[in-house]
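Novice: The following block contains the structure, expressed as structure tokens.
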Amino acid sequence: MSRVIEAVPMPRRWSTARENALQAGLQLIGIGAVYVIIVIFFSFATEHFFTYSNGINVLTNVTVIGIVAIGQTIAIISGGFDLSVSGVVPLGAVSFAILTNAGWPVTLAIMMVLLIGASVGVVNGLVVTIVGINPLIATLGTLSITSGLAYTLSKGVTIPFQNRGAGVLADKTAGGISYYVLLLLFLSIVGFVMLRYTVFGRMLYAIGGNREASRLAGMRVNLVTVLVYVTCSALAALAGVVVASQLLAGSATVGSQAALQSIAAVILGGAALTGGVGGIPGTLIGVLVLGTVSNGMALMQVPAFYQQIATGSILLLAVAFGRLRNILVGEQS
Amino acid sequence: MSDTSLLIETIDLGKRYGQHQVLQGVNFELHAGESVAVIGENGAGKSTFAKIVTGVIRPDEGSILLDGQPATLRSPRDALRQGIAFIPQELAYVPYLTVGENVLLGQWPSTVGFTSTARTVRRAREECERIGIALDVDRLMVSLKLADRQIVEIVKALTRRARMIVLDEPTASLSEAESSGLFEILGQLTKTGVGVIYISHRMDEVYRFSDRVDVFRNGVLVASVPPSQTTPNDLIAHMLGQEKEEFHHHARAMAAEQPVVELRNWTRPGIPKLADVSLSVGRSEIVGIYGVRGSGAELVAEGLGGRHPEISGSLVIEGRPGRIFPSPLAARRANISYVPPERKRDGLVLMLPIQANLSLLIIRQLSRLGLLKTRAERASAAGLAQRFDVRFRRLSQAVGQLSGGNQQKILLASRMAAQPRLLVLQEPTRGVDVGARVGIHTFLTEIADQGRAVLLITSDVEEAVNVSDRLLIMRDGSVVGELSGSTKTQADAIALAAGRAGDVTAA
Amino acid sequence: MDAETNQNIRVLVDSTGRRLSRREVLRLAAGFGLSMPVIAGLLAACGGDDDDGAAGENGDGGEYFFAFANVLESGELFVQFGDGVIEAAEVAGVRVKRYNNNLDAETTLSNARLMVQDQPDLILEYNGVEGIGESLRQIFDDANIPFIAINVPIPGGHWFNLVNREIGADTARVVVPIAQEMGWTAADTTVLIVQGSTAGVEVNDCVRYFYVTAAEMMGMEEVAPESITAETTRISDTGLQVDGLATLEESYTAVNNALQTIPEDRHILLYTINDDSTIGAWRAVTEAQRDANTLVAGLGGSVAALQELRNNPQWVAEGSIFTTNWGQYLIAMGIAVMEDMEIPELTKSPQVILTKETVDTYYDADGHVKLLPPLVPENEYLAETGVLQKFNNIEGLESS
């Protein structure tokens, strides 16, 4: 064997391990710090904030967006994104209410709803890959379709559960935590492991980072993209089941904020809309930041309009911080 | 591996686009451990050849043999499976994965679908050791310099058992030291039996590294010789062949007054760099700048277009010194029109109609109180289109529907509409047909005859020599020679640009 | 189904995706049929009761000819309202041509022009877009055709609408005595109202006046109704307002948060702007296990709410405005206009605050209207047309 050539010099300022930890962790540390500050602030600002029951309340309030955001994380990492979740959540909620009212067992109804979500994802995926339409337009189209379907199926009115048992996901475990909060936790762990430790997860980062390079490296880019949208839509449909279980009713008005809020959470968590970057821990903190801010401000009895302004400001600050991160890491153009 | 084993052989390879034969009867061979430099003028067919042997495009004629067996290369992936890797100028890597993950892209070690960065990086390190190139495998790709990313791509190809690597102008964006590093690695690889084909514009590289140099001209492989048995001037003669003039320059009386625009000491570190470039353009003068990719010529053009505020030095316009334009708007205000090379991206709005494109730069003259004077716009557009001989059906036709040559004419017309004191053109005839090319050259001569100053930046040596009154040659960020009058020849220009000044007399 | 809802069009405009008519949805779904078999199947199961033509006509004679523009022909609520108008016209022997304004300004204006071309005797205009009233008035006035504006007023025309403030105040008058009977006082009771900030001032009158009336009756701190705006959150020591954006989900979240700030031992009087909000809010209350300590009243008369009123001991009142039956009032009102009767500035839609005792008087078990409340004095003129008597469903107006 010939002499080994030192092709890439060792970095000068810090060890590679530290550099990578910094790269991956900086946004997490940043958003985590922001979260801690938010918690401290509200703890002092209102006595009602830092209590066990409000902790559960925050988790309850963020679960739906949290589940949607896991799917959205996957979509954004792979270089796309999914607006149709705002239509799939109500479609899932309405379908679940209709199916259980028609006497379907809860598990079967949930599986059917997942299937409905998955088929929307198939359409999204095929339109994006085969037809080659930009995800913005493709999912905007399916958003309109699925939202319209939700209104059509529900005839525009709220469908209360006839069968109280259909809301089993909202039942409480010991400690007053609902099953759907545990579901969010479970899905987060699965998502985290999938993204970090599986070949499929690594493909998502690769495809999001450079689609062409991934294709040339022999990945089935289109298939993976379709699977991404299927996962994202199925999770959104599941979020629809959760929201229906919370409310014990299906309604086409639910989830209208799902797309915006989930994308905001994912970006807050350090992902880039250009793809290839991001992760579940960041997304979860992003979801918590959004949920905690709106909860804290509600407890402080700030009008809802100002809550929207605050949420938007936080998002812009976080994105600006992300730019700073890139400069700090010394990204080569 | 035996040094004599034949990796690839092409027999009568040909490719045509419509009526245009871009490659014809190419018989090429590459042995294991051999490095071949491919040179030729722009449009000589060397890129087409590289794309065919790497599976990017399919040949229309002839056949390819791999290890003596007929082979079909269906795609770059297919080519790679058969041992052929292509390293294009635009590298394909994933920025936010580690070097190791990029090296093993899509082939990460896994157990029932589970993998991890640490494991991948470890495996990549083993691969690097096997290949004999040490890579810092756990850094993020995005934090590497361009030269290092290129090496990662080479390693990536080798982990896929590539036996033959094709590089398209690998050194165009590299510094001197980085180029040396790259060639050291390539040299190392050839010793292990890998075959290397690299497309080059630089004569020094050809002599420094290659075992053989193949020259393309007009789609034909015209020479295949070891560098030791030839001279740069012979190679240049092969590249040019019989000069065929499609356009004849005529001398023009130049007033010896103060220059219209004068560049003083333009300098910029980095790649490509500029090192103390000074030049001037006078009235009724066409000054050409010729240089290959990375020579810095493009920076001069873009700088005059206001796109490189970081360049230091100064700019004297009609005798008044000033600073280098900080923005495209500043260039427009100084009445210097810049015609960019990427007309589709930077110059025209393809979906807008002809008339709107023609009034892009003079929209203020054609409006009052913010309202567009549509009749004046139409009249102006009709006048310009006629003067520039644009072929169109309606002025309301979208520019995107026109041919490349007509688009280029509209681009020129829109830039001339503002009556600039200096017209800066960068690669004005790239991708246009022969007729439009002659038209554009004639037009440049006409406007110079009318007293305007023209600066023509081109990597087309024929255009550079034939159209310009004075031709500056740039290499590595400096003006390395000036040719003028009847003394200038294409051979001299290429020799200067390629870096073997030797027997060239600078005027 | 949700036959009646205290509903203002502006609530609907804010939600996304509602603009697809059912036919468009079906067409798209058919296009995706192969890849979305499940959804297509669901749709098919849902039935094809689809009719949203721009204009349809009924009857072939009658004394009068009215043109009627419905605000939107998708969504059960509007369809039922529109069908109610047509049915009422048949009973009354009025010829009616029906248009679909499709909730957008352009369609509404073009319909207005089409309608005046037909030279009807009267126009019933349900316009959902604020700000184009003046244009509509001009079109109708130029053609010299009288018109009745439904829900959203149009200058220069007659106006038929519900009165949110009265509904809110009347509801308080039902709920508060029940609370007082249980011994709840200003000292240990909080009034929690759920507004819908995007629905506009007029719609939110109901919750505003609920608080004002309840405060007066309970002896809580009294505030001027105008001082409770969309931005108000804390009304007084005993009054709290949250924003539920008129939807189930947002009301649920908003009340979840609000409950954190109301001490566990306080009683709660809960009232919202519509049944969706009430159902969401009530769900938050029950999840927090504070339902035994809360009294709630709904507004709309939806099937779900009527069910709660009948079965849920804490759900003590339900405001109903009988949208399905607006048609008969509108036709009567139109004939009154034809006959040059004195028309008040606002003709109020029928409304009643249902209680556990009265619910069965007005609704059957399936949620269908059995009986309508007696005419309020201002509306007596409607009876003079003799039209309402033909329906034989209004208390005190038996058919002759």
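Novice: How much length, in nm to one decimal, is gained on full extension between residue A:36 and residue A:134, taken as 0.36 nm per residue of separation minus their Cα-Cα distance? Can you show the working numbers first?
Specialist: Details: separation 98, 0.36 × 98 = 35.28 nm, distance 3.73 nm.
Length gained, residue A:36 through residue A:134: 31.6 nm.
Novice: Okay, next question. Can you return the lysines within cross-link range of residue C:370? Criterion is Cα-Cα under 19 Å, with same-chain partners fewer than 8 residues away left out.
Specialist: C:356, C:390
Novice: Further question: Can you give the helix-only mean residue ellipticity at 222 nm for the protein assembly as shown, where every DSSP H stretch with n ≥ 4 adds -39500 (n - 2.57) and the sum goes over all residues, rounded to the nearest 500 deg cm²/dmol?
Specialist: Details: 42 runs with 555 residues, N = 1240.
Per the formula, -14000 deg cm²/dmol.
Novice: Treat each spin label as a single point 7 Å out from the Cα along the C-beta direction, and report the residue A:164 to residue C:264 distance in nm.
Specialist: 2.2
Novice: What is the local net charge at residue B:186, summed over the other residues whose Cβ is closer than 13 Å to its Cβ (Lys, Arg +1; Asp, Glu -1)?
Specialist: Working: positive: B:191, B:208; negative: B:34, B:153, B:178, B:184, B:205, B:211.
Once positives and negatives cancel, what remains is -4.
Novice: Could I have the simple spin-label model distance between residue C:307 and residue B:146, label points 7 Å from Cα toward Cβ, reported in nm to one decimal?
Specialist: According to this spin-label approximation, the distance is 6.8 nm.
Novice: While we're on this one: Once you keep just the Cα pairs under 8 angstrom separated by 6 or more residues, what percentage relative contact order results for chain A?
Specialist: Details: 537 pairs, mean separation 111.7, N = 333.
Taking the mean separation of contacting Cα pairs over the length of chain A, I get 34 percent.
Novice: What residues of region B:295-313 lie in the reach of a label at residue B:267, counting those whose backbone N is under 16 Å from a point 7 Å from the Cα along Cα→Cβ?
Specialist: B:310-313
Novice: Find, among the GluC sites (Glu not before Pro) in region C:301-400, those assigned to loop by DSSP (not H, G, I, E, B) with at most 15 other beta-carbon atoms within 10 angstrom.
Specialist: Details: sites: C:308, C:318, C:339, C:342, C:345, C:357, C:378, C:380, C:384, C:395, C:398; in loops: C:339, C:342, C:345, C:357, C:395, C:398.
In loop regions of region C:301-400 (DSSP not H, G, I, E or B), the sparsely surrounded GluC sites (Glu not before Pro) are C:339, C:342, C:345, C:357, C:395, C:398.
Novice: Less than 17 Å apart at the alpha-carbon level, and either on another chain or at least 8 residues along: which aspartates and glutamates does that give for residue A:172?
Specialist: Residue A:172 reaches C:287, C:291.
Novice: Can you put B:447, C:123 in order of Cβ neighbours within 10 angstrom, beginning with the fewest? Mind showing how you got there, number by number?
Specialist: Details: B:447 17, C:123 27.
Lowest to highest Cβ neighbour count: B:447, C:123.
Novice: How crowded by other chains is B:105-116, given as the mean number of beta carbons from other chains within 10 Å of each beta carbon?
Specialist: Details: counts 11, 14, 4, 5, 1, 5, 1, 2, 6, 8, 8, 4.
Mean inter-chain Cβ contacts per residue within 10 Å come to 6.
Novice: Which whole-number percentage describes the relative contact order of chain B, with Cα contacts under 8 Å and a sequence gap of 6 or more? Each step should come with its number before you reach the end.
Specialist: Values: 1045 pairs, mean separation 74.1, N = 507.
With pairs under 8 Å counted, the relative contact order is 15 percent.
Novice: Can I ask one more? Tell me the GluC sites (Glu not before Pro) within region C:74-147 that lie in a loop according to DSSP and have at most 15 other beta-carbon atoms within 10 Å. Don't skip to the end; give the middle numbers.
Specialist: On the way: sites: C:76, C:87, C:90, C:106, C:125, C:130, C:134; in loops: C:130.
For GluC sites (Glu not before Pro) across region C:74-147 that sit outside H, G, I, E and B with at most 15 neighbouring Cβ atoms in 10 Å, the list reads C:130.
Novice: To continue, here is another question. Taking 0.36 nm per intervening residue step and subtracting the Cα-Cα distance, what contour gain separates residue B:19 from residue B:112 on full extension? Present the calculation step by step, with values, prior to reporting the outcome.
Specialist: Working: separation 93, 0.36 × 93 = 33.48 nm, distance 5.32 nm.
My answer for the length gained is 28.2 nm.
Novice: Could you list the trypsin sites (Lys or Arg not before Pro) in region B:182-244 that lie in coil according to DSSP, counting only those with at most 11 other Cβ atoms within 10 Å of their Cβ?
Specialist: Answer in residue order: B:244.
Novice: Just round it to a whole percent: the fraction of Cα-Cα distances in the protein assembly as shown exceeding 64 Å. Write down the numbers at each step before the final one.
Specialist: On the way: 211939 of 768180 pairs.
So the portion of pairs separated by more than 64 Å is 28 percent.
Novice: Starting from the 7 Å offset along Cα-to-Cβ, what nm value, one decimal, do you get for the label separation of residue C:346 and residue C:110?
Specialist: Computed distance between label sites residue C:346 and residue C:110 equals 3.4 nm.
Novice: Could you give the length gained by full extension between residue B:403 and residue B:329, i.e. 0.36 nm per residue of separation minus their alpha carbon distance, to one decimal place?
Specialist: Working: separation 74, 0.36 × 74 = 26.64 nm, distance 2.88 nm.
Between residue B:403 and residue B:329, full extension yields 23.8 nm more.
Novice: If r is the Cβ-Cβ distance from residue C:173 to residue A:319 and R0 is 56 Å, what FRET efficiency results, to the nearest 0.05? Provide the component values of the computation, followed by the final result.
Specialist: Working: r = 52 Å, r/R0 = 0.93.
Between residue C:173 and residue A:319 the formula returns 0.60.
Novice: Under the definition of partner shielding as Cβ atoms of other protein chains within 10 Å of a residue Cβ, what is the mean value for peptide C:276-287? Please report the intermediate quantities before stating the final value.
Specialist: Values: counts 7, 0, 0, 6, 8, 0, 2, 6, 5, 0, 1, 10.
Going residue by residue through C:276-287 and averaging, the value is 4.
Novice: Another one. Counting other beta carbons within 10 Å of each Cβ, put C:282, A:104 in order, fewest first. Provide the component values of the computation, followed by the final result.
Specialist: Details: C:282 26, A:104 18.
Arranged by neighbour count, lowest to highest, C:282, A:104 become A:104, C:282.
Novice: Give me B:459, C:236, A:233, A:245 sorted ascending by neighbouring Cβ count inside 10 Å, so fewest comes first. Mind showing how you got there, number by number?
Specialist: Numbers: B:459 22, C:236 16, A:233 34, A:245 27.
Going from least to most buried by this count: C:236, B:459, A:245, A:233.
Novice: Roughly how crowded by other chains is peptide C:236-249, in terms of the mean Cβ count from those chains within 10 Å of each of its Cβ atoms? Working shown, then result.
Specialist: On the way: counts 0, 0, 0, 0, 1, 2, 4, 5, 1, 4, 1, 9, 13, 16.
Across C:236-249, the average partner-chain Cβ count within 10 Å equals 4.
Novice: Say R0 is 51 Å: what FRET efficiency, to the nearest 0.05, do residue C:135 and residue A:44 get from their beta-carbon distance? Before the final figure, lay out each step's value.
Specialist: Values: r = 54 Å, r/R0 = 1.05.
It comes out at approximately 0.40.
Novice: Follow-up question, since we're still on this one. With a sphere of radius 14 Å drawn around the Cβ of residue C:190, what net charge do the other residues whose Cβ falls strictly inside it have (Lys, Arg +1; Asp, Glu -1)?
Specialist: Details: positive: C:234, C:266, C:290; negative: C:188, C:221, C:237, C:264, C:265.
Combined, the nearby Lys, Arg, Asp and Glu give -2.
Novice: Of the cross-linked pairs B:15/B:51; B:409/B:488; B:145/B:273; B:15/B:46, which ones have a Cα-Cα span greater than 21 Å in the structure shown?
Specialist: Details: B:15/B:51 11 Å; B:409/B:488 28 Å; B:145/B:273 16 Å; B:15/B:46 12 Å.
Distance filter (> 21 Å) returns B:409/B:488.
Novice: Taking Cα atoms, how many degrees apart are the long axis of helix A:304-329 and the longest axis of chain A, rounded to 10 and kept between 0 and 90?
Specialist: The angle comes out at about 20 degrees.
Here, each number is a calculation from the coordinates, and none is a lab measurement. Remember, it's a predicted structure, so these values are computed and weren't measured experimentally. No Cβ is skipped: glycine too gets one built from the backbone with ideal geometry, and neighbour counts run over all protein chains shown.
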